[in-house]
Amino acid sequence: MILRALVLFALLIAALPAAAQDRCPTRRNVDCAGAARAVDAAIAGDPWLALIDQAQRMRLEEVAPLIGDPSATELAAQQATWRRSLSRELFFLPGGALDEPDPRAALRGAMEYRLVRLMRLQHNPPGTIDGEWVGVQGQVVVERAGGGHFRVSVSTADVHNLAWLCDYDGEGDTQREEWMQTRDGVLELRREGVMLRVRQLRAGAAEFCGAGGSMSGLYFRVGEGR
């Protein structure tokens, strides 16, 4: 019995990192699976939402072989996280039923906006850190200011519950095209394939982020709408 408990505990510990990376949103009065089913049903029940949903899948299939692994894997993971987050656009009664006569209306703006971002994603961006970058958690803008000087602005939010927001404006200097650390030591920016990895070096920087917030993550470069 003790051995079985130890084995089970080890398996649970081994699963913790994956769960932390791929957690389900917690919603009042509804379980995660129920919220996901409600989102799927709302999309399937609206021809326009179903069309947008199909267009998103087609865009992901189009761009995946162009950006290659691991970028395609990261993009698919971000898309799955975003899809689960749609449950925050729905509101539930204590019994778990939707409390809106037309719950699909709350999803349209979010789905249209996500499709535009996917269409703007650049599959072969320049190998530099400058540009407009987006991820499921928010946006990073890196602007050249001449002489190896850059301006950086970041805006991120809790994907599932909007429990925190991060807004940051800073500057950095580098002669390297693919790497930079901001002058205040808050952020490191580094190219990884077609992606930009942002690391928040000063965890819990209260002057930039709400409680529990973070700007760390992987972002994809986007261009003008097409």
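The values are calculated or read from the model by the stated rules, or taken from the named source; none is laboratory data. Just so you know, these numbers come straight off a predicted model, no measurement behind them. So basically every Cβ, Gly included, is an ideal-geometry build from the backbone, and we count neighbours across all protein chains shown.
Pairing residues of segment 132-147 that are within 13 Å of T174 (Cβ to Cβ) and assigned by TED's automatic domain parsing to the domain that holds G217 with residues that are acidic (D, E) and at pLDDT 95 or above, at Cβ distances under 9 Å and at least 6 apart in sequence or on separate chains, gives V142/D130; V142/E132; R144/D130; A145/E171; G147/D173. Restricting to segment 168-184, name every residue that is in contact with a Gly (Cβ under 8 Å, 6 or more places away or on another chain) and acidic (D, E). Correct list: D173, E177, E178, D184.
Quick one: is G172 under 18 Å from the mean Cα position of the chain (by Cα) and either within 24 Å of Q56 (Cβ to Cβ) or at pLDDT 95 or above (or both)? Here the answer is no, as G172 does not meet what is asked. The set of residues in segment 67-77 that are within 13 Å of M195 (Cα to Cα) and either surrounded by 19 or more Cβ atoms within 10 Å (Cβ to Cβ) or without any contact (Cβ under 8 Å) to a residue 60 or more places away in the chain (or both) comprises I67, D69, S71, A72, T73, E74, L75. If we keep just the residues of segment 153-169 that are of a type in the set (A, V, I, L, M) and part of a loop (DSSP other than H, G, I, E, B), which is surrounded by the most Cβ atoms within 10 Å (Cβ to Cβ)? Restricting to residues being of a type in the set (A, V, I, L, M) and part of a loop (DSSP other than H, G, I, E, B), the top hit is V159. Note on segment 99-123: residues that are in contact (Cβ under 8 Å) with a residue 60 or more places away in the chain, of a type outside the set (A, V, I, L, M, F, W, C) and in contact with a helix residue (DSSP H, G or I) (Cβ under 7 Å, 6 or more places away or on another chain) total 5. Screening the candidates V136, V116, V152, V142 for the property of being among the β-branched types (V, I, T) and within 14 Å of the chain's Cα centre (by Cα) yields one hit, V136. When segment 90-110 is filtered for residues that are hydrophobic (A, V, I, L, M, F, W, C) and outside any loop (DSSP other than H, G, I, E, B), the ones remaining, listed by number, are F92, L98, A105, A106, L107, A110. When we screen G127, G213, G172 for residues that are farther than 27 Å from A80 by Cβ, of a type outside the set (S, T, Y) and part of a loop (DSSP other than H, G, I, E, B), the only hit is G127. With respect to Q56, is the statement that it is free of Cβ contacts under 8 Å to residues at least 60 places away in the same chain and not in a loop (DSSP other than H, G, I, E, B) true? The answer is no for Q56.
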